[in-house]
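Below you'll find the structure, written out as structure tokens, and then a few comments.
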Amino acid sequence: MLAKTTGIVLHHIKYSDSSLIVTIYTEKFGRKSFIINNVRGRGSSPKANILQPLFLLELDVYFKLNRDIQRIKEFKNIVPFRTIPFNVIKSTVALFLAEILYKTIREEESNHKLFEFLYNSIQFFDITATGIPNFHIMFLLQLTKYLGFQPDINYTRQNRIFDLQNGNFVPAIPFHPHYIDESLSRILNKMLRINYKNLDSIKMTSEERYRLLLKILEYYQLHTESMGEIKSLLVLKEVFH
């Protein structure tokens, strides 16, 4: 069956001297792997340049049910980025977020709400000039809504510590090591109550930002299966320090 769909590039690996296997989160079919020929080596198509993390593609695919690796007839960049490929901070954040999505989104069926969230978030990140250092943290918090473990926003004067294991704010340090201290919990509470357009209102030092990010990744580890090591985290740390 020849089908059209929109997709978000998550990951690619070398398959042969001239081919790649690309993992794409598609609007119509969910997460799928595709083999793309003649995109590497001498005489290859320049289209390989758009198979980068979080690039938005329009795809014509030969789709067969129960096939592990699908084939692509044609693909093109549906929304050319203005800034992400040309800004080292944004391109590093894109690499990091693509790795998170690659390791957390497993469903091989369409989820229009999730796709819409990802598509709109990526486009916003490309055009925004404010709140960039906080974007990846907000993205991860928003993503939890679609992965099924959104934190409870129950912060009060009494509930000032975020329990990573149970996903809510509690009045005292829990009897396990998975929690966020009061100062970072206060920042987390603020982030849970705003959207991308208000990210500039969140004031953090680079150290606080990194510590909060580590705690959110710990939250993901507790609530997803086999997320494993995030290799791009060290690159992200270097960029923001």
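The values are calculated or read from the model by the stated rules, or taken from the named source; none is laboratory data. Predicted, not measured: the structure shown is a model, and the values here were computed from it. As a convention, Cβ positions derive from the backbone with ideal geometry for all residues, glycine included, and neighbour counts pool all protein chains shown.
The table below gives the values:
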read-out: Members of the range 109-124 that are surrounded by 12 or more Cβ atoms within 10 Å (Cβ to Cβ) and either hydrophobic (A, V, I, L, M, F, W, C) or part of a loop (DSSP other than H, G, I, E, B) (or both); value: Ser110, Asn111, Leu114, Phe115, Phe117, Leu118, Ile122, Phe124
read-out: Selection from the range 161-186 of residues that are out of contact with any strand residue (DSSP E or B) (no Cβ under 9 Å at 6 or more places or on another chain) and more than 17 Å from Tyr220 (Cα to Cα); value: Phe175, Ser183, Arg186
read-out: All positions within the range 77-108 that are of a type in the set (Gly, Ala, Ser) and either surrounded by fewer than 15 Cβ atoms within 10 Å (Cβ to Cβ) or farther than 13 Å from His11 by Cα (or both); value: Ser91
read-out: From Lys76, Lys90, Lys103, residue being in contact with a helix residue (DSSP H, G or I) (Cβ under 6 Å, 6 or more places away or on another chain) and among the basic types (Lys, Arg); value: Lys90
read-out: Cβ pairs under 9 Å, 6+ apart, first in the range 1-27 and closer than 19 Å to Ser91 by Cα, second at pLDDT 95 or above and surrounded by fewer than 14 Cβ atoms within 10 Å (Cβ to Cβ); value: none
read-out: All positions within the range 185-195 that are under 19 Å from the mean Cα position of the chain (by Cα) and closer than 11 Å to Ile137 by Cβ; value: Leu188, Met191, Leu192
read-out: Filtered residue count, the range 130-154, keeping only those that are within 25 Å of Val170 (Cβ to Cβ), β-branched (Val, Ile, Thr) and not in a loop (DSSP other than H, G, I, E, B); value: 2
read-out: Exclusive hit being within 15 Å of the chain's Cα centre (by Cα) and more than 22 Å from Ser91 (Cβ to Cβ), set Gln221, Gln123; value: Gln221
read-out: Filtered residue count, the range 207-227, keeping only those that are part of a helix (DSSP H, G or I), of a type in the set (Ser, Thr, Tyr) and in contact (Cβ under 8 Å) with a residue 60 or more places away in the chain; value: 2
read-out: Long-range neighbours under 9 Å by Cβ, at least six apart or interchain, first residue closer than 14 Å to Asn49 by Cα within the range 63-85, second aliphatic (A, V, I, L, M) and assigned to a loop (DSSP other than H, G, I, E, B); value: Phe75/Leu51; Phe81/Leu54; Ile84/Leu54
read-out: Condition broken by Glu207, with the remaining ones in (1) surrounded by fewer than 19 Cβ atoms within 10 Å (Cβ to Cβ); (2) closer than 20 Å to Phe125 by Cβ satisfied; value: (2)
read-out: Within the range 20-39, considering residues that are farther than 18 Å from Ala98 by Cα and touching a strand residue (DSSP E or B) at 6+ places or on another chain (Cβ under 6 Å), the one surrounded by the fewest Cβ atoms within 10 Å (Cβ to Cβ); value: Ile35
read-out: Members of the range 1-18 found to be hydroxyl-bearing (Ser, Thr, Tyr), crowded, with 17+ Cβ neighbours inside 10 Å and either at pLDDT below 90 or within 19 Å of the chain's Cα centre (by Cα) (or both), listed by number; value: Thr6
read-out: Given (1) in the same structural domain as Gly228 (by TED's automatic domain parsing); (2) at pLDDT below 95, index of the condition Pro133 fails; value: (2)
